[in-house]
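What follows is a set of notes on a single structure, which appears directly below.
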Amino acid sequence: MVAPGRSPRVLVDATSVPADRGGVGRYVDGLLGALDRAGANLAVVCQRADAERYGRVLPGADVVAAPAAATHRPARLAWEQTGLPLLAQQVNAAVLHSPFYTCPLRASCPVTVTVHDATFFTEPEHYEKSRGTFFRSAIKTSLRRAARVIVPSKATRDELIRLLDADPTRLDVAYHGVDHEAFHLPTEDEKARVRARLGLGDTPYIAFLGAKEPRKNVPNLIRGWVRAVAERSVAPALVIAGGSGHDDEIDRAVAEVPGQLRLLRPGYLRYADLPGYLGGALVAAYPSHGEGFGLPILEAMACGAPVLTTPRLSLPEVGGDAVAYTGESPEEIGRDLRELLDDDSRRLTLAKAGFDRAKEFTWESSAEVHMAAWARAASA
């Protein structure tokens, strides 16, 4: 129990944060920064490579390095069940927060978990069999064991209730935020630097940023882009940036691209280059089959890019009326992308509307919901 008016001591397990800071890394980093600024009573356990960084950017938190073996996923999951509950006791945590689906089965304090999406159930064909099986089991276990479950959208909450009969009184919706200093309207110099790094010259381009997973629908984006630009006198390039994945269909789609069109796959871009990359694009395209939140479209909006996405699951909660929507097929993507490329005025309107809407999503607001959830868990 926590005395009324006092912030409970919370141990946040950041050991699942990847080195590239994608996905869960953006969530954990953004949330922890806002929590520290809000004066939350935090302890953070992280990979040894992150300990110095977190110690520097979280001056109000106690930062603990996990065992070196925790860099390997099987060892990390084993340590989560044994070492993490012990650490919670050592740091006198009133609540233990696990930010990426899994959690200890037994702990001496209440456990809260972030479940980022339900697409392992709604889109099982888009995941490798073993990965899908693991995360479906983890989500079911977390819904049973956790004192509270935090989700990033109403769509994810509703799917967990519909599919898994989750207890709605134990689900808290905490929208992700966006780092408005890191993701900002880029200067012309920032745009030019990215174009030079990519070797684009004066060629306009369409931007995708994300993991190359089947759920992201990259093959159909490539085929839709071909349909949209093949007959244009100046054909915009397509740049597919972000981490590697397991979607073999991407290579097949790339092989179909006509020789006169230009498609770039630069892999990871430097974090500092993302505003110039996103904000310098004619369109940021993200025709996903479904998202638990949709952080890539929010980051693109914050950089002033007109966004084309799908009205699937949580994406309309993020984009609202400030983005353009399309279907998931190459034909629909091609048609709607072509219309957007032909309408300079609409792209400018979307860019401004998206930038304004992105201001509504802050990590400070997300931190408030997390702290309220932890207070409820600690006092239960």
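The values are calculated or read from the model by the stated rules, or taken from the named source; none is laboratory data. Since the model is a prediction, treat every value here as computed from it, not as a measurement. So basically every Cβ, Gly included, is an ideal-geometry build from the backbone, and we count neighbours across all protein chains shown.
So for segment 314-331 (the condition being of a type in the set (Phe, Trp, Tyr) and either out of contact with any strand residue (DSSP E or B) (no Cβ under 9 Å at 6 or more places or on another chain) or within 16 Å of Arg227 (Cβ to Cβ) (or both)), does at least one residue qualify?
Looking through segment 314-331, none of the residues is of a type in the set (Phe, Trp, Tyr) and either out of contact with any strand residue (DSSP E or B) (no Cβ under 9 Å at 6 or more places or on another chain) or within 16 Å of Arg227 (Cβ to Cβ) (or both).
Here are Asp165, Asp172, Asp202: which of them is free of Cβ contacts under 8 Å to residues at least 24 places away in the same chain and outside the structural domain of Ala253 (by TED's automatic domain parsing)?
Going through Asp165, Asp172, Asp202 in turn, just one is free of Cβ contacts under 8 Å to residues at least 24 places away in the same chain and outside the structural domain of Ala253 (by TED's automatic domain parsing): Asp165.
Condition first: closer than 13 Å to Thr15 by Cα and surrounded by 16 or more Cβ atoms within 10 Å (Cβ to Cβ). Now tell me which residues in segment 38-61 satisfy that.
Listed by number, the residues that qualify are Ala43, Val44, Val45, Cys46, Gln47, Asp50, Ala51, Tyr54.
Residue by residue through segment 178-194, note down the ones that are in a loop (DSSP other than H, G, I, E, B), surrounded by fewer than 17 Cβ atoms within 10 Å (Cβ to Cβ) and aliphatic (A, V, I, L, M).
Correct list: Ala182, Leu185.
Please go through segment 315-325 and pick out each residue that is of a type outside the set (D, E, K, R) and surrounded by fewer than 24 Cβ atoms within 10 Å (Cβ to Cβ).
Pro316, Gly320, Ala322, Ala324, Tyr325
Anything in segment 220-254 that is out of contact with any helix residue (DSSP H, G or I) (no Cβ under 9 Å at 6 or more places or on another chain) and either at pLDDT 95 or above or within 20 Å of Ala19 (Cβ to Cβ) (or both)? List them, or say none.
Correct list: Gly243, Ser244.
Looking at (1) surrounded by fewer than 18 Cβ atoms within 10 Å (Cβ to Cβ); (2) modelled with pLDDT under 95; (3) of a type in the set (Lys, Arg), which is the only condition Arg26 fails?
Evaluating Arg26 over (1) surrounded by fewer than 18 Cβ atoms within 10 Å (Cβ to Cβ); (2) modelled with pLDDT under 95; (3) of a type in the set (Lys, Arg) leaves (1) as the failure.
In contact with a Phe, Trp or Tyr (Cβ under 6 Å, 6 or more places away or on another chain) and touching a residue at least 24 places away in the same chain (Cβ under 8 Å) - does that describe any residue in segment 340-354?
The answer is no; no qualifying residue exists.
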